[in-house]
Amino acid sequence: MTTHSGKLVTVFGGSGFIGRHAIRALAKRGWRIRAAVRRPDLAGHLQPLGTVGQIMPIQANLRYRWSIDRAVEDADAVVNLVGILHESGRQTFGAVQTFGAHAVAEATRNAGIPTLVHQSAIGADPRSDSAYARSKAEAEAAVFETMPGAVVLRPSIVFGPEDRFFNRFADMAQMMPFLPLVGGGATKLQPVFVGDVAEAIARAVEGQVPGGKVYELGGPEVKSFRECMELLLAEIERPRPLLPLPFSLARALASVMQRLPNPMLTVDQVRLLAHDNIVSSAALHEGRTLSGLGIQPTNLSAVLPSYLVRFKPHGQFDHKRTG
């Protein structure tokens, strides 16, 4: 493994789910890390990921350009992991995922920094009926227009200890007598392990990933939404019926739920679930995948038991009775 003692990378969104794993991967390689976050006072959990003084939180908000310029000053590389799943107040898709991505790319270019890694998402499409997917596509276009040599990574559903997919539905299974299957659960997903995404980010920062391309990151298994829920329920040992929910009814329910502070489902997310979230045949053919980067994707079964155990009826002390 290459070490880069003394070199500095700025990671926007470093305190988030993917961010903390990316920072761990970069810290192991010897990078000094500036974690650009909105609330540095809530980023103390990053410190144990490196040695004393290796990880330095700094306040930054992608809606304010001056904070971005300050965050990238003297950096050797920049990573932008900032994204939102639903809009709230001034945190809109356009402000965070389009304007913010463009601002980070401009600040990186203006500072003379050669390396920019931008996280997007599988499903990014300027013609999508989802505002989330459109904003992701607009961000990619802005990044490449500003820095043609940037590396863009599009992960599928990301799973891991702090994920907002399996953890959320496991939490629902604790409280509800059934789990809903939006659109009948036929949508195909390709869950990717957060550690593999972090490894791809670290390799891109180190210059091991050719720039100017979009890489699609998926796990080794393609599963339907229904199959993911069946796997989840089997893992946490909580039998629950799966209730098919037509898209029309899901949109109606989501229109009410999205008014809550932290909604479980929004209308825009229902629109996303109408489309498969898997690596494209073009990316597979051209090697723009984890395997193409020399990373062996991790199976769901190798990781899910390590963090879903807390959702079992008796948590980590649960066991099957014999005899």
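Here are a few things to note about the model shown:
- Segment residue 165-residue 74, extension gain: residue separation times 0.36 nm, minus the distance between their alpha carbons: 29.1 nm
- The dipole here belongs to region 166-223: it is taken about the Cα centre, uses +1 on the Cβ of Lys and Arg and -1 on the Cβ of Asp and Glu, and is about 180 debye.
- Cα centroid separation - region 1-63 against region 126-164, whole Å: 21 Å
- Euclidean distance of C-alpha centroids, region 183-229 and region 94-114, integer Å: 24 Å
- Computed about its Cα centre, the charge dipole of region 211-303 is approximately 340 debye, with only Lys, Arg, Asp and Glu carrying charge at their Cβ.
- Mean separation of Cα contacts under 8 Å (6+ apart) over length of region 216-323, as relative contact order %: 39 percent
- Gaussian network model of the chain, springs between alpha carbon atoms under 10 Å - residue of 204, 252, 274 with greatest fluctuation: 252
- MRE, 222 nm, helices only [DSSP H, n ≥ 4, -39500 (n - 2.57), over the chain, to nearest 500]: -10000 deg cm²/dmol
- Across the chain, C-alpha contacts under 8 Å between residues 6 or more apart give a mean separation that, scaled by the residue count, equals a relative contact order of 16 percent.
- Sparse packing (at most 10 other Cβ atoms within 10 Å of the Cβ) combined with a DSSP loop state is found for the following trypsin sites (Lys or Arg not before Pro) in region 205-306: 259.
- Extension gain for residue 234-residue 88 works out to 49.1 nm (0.36 nm per residue, less the C-alpha to C-alpha distance).
- Three-way shape label, region 244-294, alpha-carbon gyration tensor, a/c 1.5: prolate
- Rounded if a/c under 1.5, otherwise prolate or oblate - region 38-166, Cα gyration tensor axes: oblate
- Put in order of Cβ neighbour count within 10 Å, fewest first, the listed residues 163, 76, 196 become 76, 163, 196.
- Over region 1-69, the ratio between the Cα radius of gyration and 2.2 N^0.38 Å evaluates to 1.05.
- Dividing the Cα radius of gyration of region 153-250 by its Kirkwood radius returns 1.07 for Rg/Rh.
- GNM remark for the chain: springs join alpha carbons under 10 Å apart, and the peak mean-square fluctuation among 14, 53, 211 falls on 53.
- Pairwise label distance in nanometres, residue 175 with residue 299, each label 7 Å out on the Cα-Cβ vector: 3.3 nm
- Here the chain is treated with +1 on each Lys and Arg Cβ and -1 on each Asp and Glu Cβ, and its dipole about the Cα centre works out to around 540 debye.
- Residue 51-residue 310 FRET efficiency (beta carbon distance; Förster radius 30 Å; 0.05 resolution): 0.50
- Size-normalised alpha-carbon gyration radius of the chain, reference 2.2 N^0.38 Å: 1.00
A short reminder: the numbers here are calculations on the coordinates, not readings from a lab. Please read these numbers as outputs of a predicted model, since none were measured by experiment. Don't worry about glycine lacking a Cβ; one is built from the backbone with ideal geometry, like all the others, and counts go over all protein chains shown.
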